[in-house]
There are 2 protein chains.
Amino acid sequence: MPRPSEPTRERIIQAANSLFYSEGIRRVSVDEIAAKAGLTKRTLYYHFKSKDDLVAAYLSARDQPNLALFRKWFAEAEGGLPVKVEAIFKNLARSARHPKWKGCGFLRTSAELANMPGHPAIRIGAAHKKKFEDWLRTTFAEQGIADPLKLARQILLLLDGSFAVVLLHRDASYMETAGEAARTLIETALGKPRRKQG
Amino acid sequence: MPRPSEPTRERIIQAANSLFYSEGIRRVSVDEIAAKAGLTKRTLYYHFKSKDDLVAAYLSARDQPNLALFRKWFAEAEGGLPVKVEAIFKNLARSARHPKWKGCGFLRTSAELANMPGHPAIRIGAAHKKKFEDWLRTTFAEQGIADPLKLARQILLLLDGSFAVVLLHRDASYMETAGEAARTLIETALGKPRRKQG
DNA sequence: TTGTGTATATTCACTGGTTAGTATACATAC
DNA sequence: GTATGTATACTAACCAGTGAATATACACAA
């Protein structure tokens, strides 16, 4: 049965997404992904030239939706810059309490493939995080922050740190702690009246 | 040739440490570890009951030396609390610039085994990070910080975030950025005169 | 309207290699 | 002569990737 093709490719990526995210890259076989997508391995290899290619496609598919979600959380929060950034962490904490949550797919892939520095999937992950950093930097610059790049990187460090720590301890409250730290850093950069954090 | 035994077990752990850290858990076979340790797989299985057991031993062996190193960097730095904590990040940045550096073994293992939440290695990693958090908390409490646990967790988030980010981008300067953020947070908690960070 | 060629899409069956773990035997020390 | 420790050789499963064949849709010719 020919002629689905685009939907087929999409189905494969969805299956890969589900399995790679929940089980890890090297743990999941191409056969498993094909089975989950409801087709044979040989068909999968018609659409993707290798497993590595599929891993890259898996992360590419997560790029835009992920960024859009962060921007949405930021936009929806009512208040100043510190409040809006903190809202990202609060929403992330809510996500992290779902049982199927398993951290950040980009970071977990880069950790698992750390022995292959040039792997396409790692480049895609790095580009994704850079996009987020750029968005933060631009946003901070518009608000008159003196060193917007530095602040953007500090927030990113807290964000990725909370992915790692919450995954290890399975305790989403660390994300709220990260949000408070982010607020303190932003307020300091804004030159707001000092307050003991809390 | 019998009777080495303790040294043999140690040699196996050293081989596992070297291979698991640089290549990842699932990528490395038990055969490879045995070969690197200079013995057969059957001998390895005399000393460890399974690969999972060996993975746990690998992380256990990293626990104390790792903590000792952080304490040493902290103790050796001359200055107040913010300077001493920032020194940890500066030393870490130096380590991260070495070509064989591949992030934090505990975090990378927890990322790779995220689909096995009860795995012994993950529990060992969580305990390791808790020990570090406790040490920071105690240190901060001794310095009269109002909420030492919160500050300890914030520093830990920056630390683990820098492991993740530097591994992804292969840019150790993020660790110095994390150190500056840590300094800002500590100064805020101490109630020091406000300063735009930098 | 009907026949036919071709690119697209899919399947079955296979290969060569790897892997965690084990059954059995052997060697050494005390 | 028994505990301990090591090696040889094996199993049963898994896995990334491929060779060869086949089925469909569609363009175009008759």
>> Just to be sure I understand: if you take the accessible area of chain B alone plus chain A alone and subtract the pair, with a 1.4 Å probe, what total do you get in Å², rounded to 100?
In response: 4800
> How about region B:1-89: which trypsin sites (Lys or Arg not before Pro) there lie in a loop by DSSP and see at most 15 other Cβ atoms within 10 Å?
Replying inline: B:49
> What residues does region B:133-163 have that are buried by at least 20 Å² of accessible area in the full protein assembly compared to the chain on its own, 1.4 angstrom probe?
Replying inline: B:150, B:153, B:154, B:156, B:157, B:158, B:160, B:161
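Can you pull the Rg over Rh of region A:1-48, Cα-only, Kirkwood? Walk me through the numbers on the way to the answer.
Values: Rg = 10.3 Å, Rh = 10.7 Å.
Reported Rg/Rh (Cα atoms, Kirkwood Rh): 0.96.
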> Once phi is turned into θ = phi - 60°, what whole-Hz ³J(HN,Hα) does the Karplus curve with 6.51, -1.76 and 1.60 give for every residue of region B:116-127, x standing for Gly and Pro?
Replying inline: 10, x, x, 4, x, 5, 5, 5, 5, x, 4, 5
> Cα-based Rg (one decimal) and Dmax (whole number) for region B:1-108, in Å?
Replying inline: 17.0, 56
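Return the calculated 222 nm mean residue ellipticity for chain A, to the nearest 500 deg cm²/dmol, obtained by summing -39500 (n - 2.57) across DSSP H runs with n ≥ 4 and dividing by the residue count. Can you show the working numbers first?
Working: 9 runs with 146 residues, N = 198.
One gets -24500 deg cm²/dmol as the mean residue ellipticity at 222 nm.
Pop out the carbon and sulfur fraction of the accessible area of region B:1-48 as a percent, whole number, probe 1.4 Å. If you can, show how the numbers build up before the last one.
Numbers: 1520 of 2920 Å².
Roughly 52 percent, rounded to a whole number.
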>> With respect to the axis carrying B onto A, what is the closest chain B residue by Cβ position, and how many angstrom separate it from the axis?
In response: B:161, 1
>> Using the crude model of +1 on Lys and Arg Cβ and -1 on Asp and Glu Cβ, and no other charge, please compute the dipole size for region A:1-48 relative to its Cα centre, in debye to 20.
In response: 100
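Leaving out ligands and nucleic acids, and using a 1.4 Å probe, what accessible area per residue does the protein assembly as shown come to in Å²?
Details: 17580 Å² over 396 residues.
Each residue of the protein assembly as shown exposes 44 Å² on average to a 1.4 Å probe.
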>> Strictly over 26 Å apart at the Cα level, which of B:102/B:131; A:102/B:131; A:131/B:150 would you flag in this model?
In response: A:131/B:150
> When each copy gets a label point 7 Å from Cα toward the beta-carbon at residue B:147, what are the spacings between them in nm, shortest first?
Replying inline: 2.5
> What list of ³J(HN,Hα) couplings, whole Hz, do you get for region B:42-51 from phi and the Karplus terms 6.51, -1.76, 1.60, once you set θ to phi - 60° and write x for glycine and proline?
Replying inline: 4, 5, 4, 6, 6, 8, 10, 7, 6, 5
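Within 14 Å, Cβ to Cβ, of residue A:175, how many net charges do the neighbouring residues add up to if Lys/Arg are +1 and Asp/Glu are -1? Write out the running numbers ahead of the final one.
Details: positive: A:90, A:94, A:97, A:170, A:183, B:150, B:153; negative: A:86, A:160, A:171, A:176, A:180, B:160.
Counting the neighbours of residue A:175, the net charge comes to +1.
Would you mind giving the three semi-axes, in whole Å and largest first, of the ellipsoid equivalent to the protein assembly as shown according to its Cα gyration tensor?
Largest first, the protein assembly as shown gives 36, 30, 16 Å.
The values are calculated or read from the model by the stated rules, or taken from the named source; none is laboratory data. Since the model is a prediction, treat every value here as computed from it, not as a measurement. Glycine also receives a Cβ, built like all others from the backbone with ideal geometry; neighbour counts cover every protein chain displayed. For accessibility, only protein heavy atoms count, side chains too; no ligands or nucleic acids. Shrake-Rupley method; radii C 1.70, N 1.55, O 1.52, S 1.80 Å.
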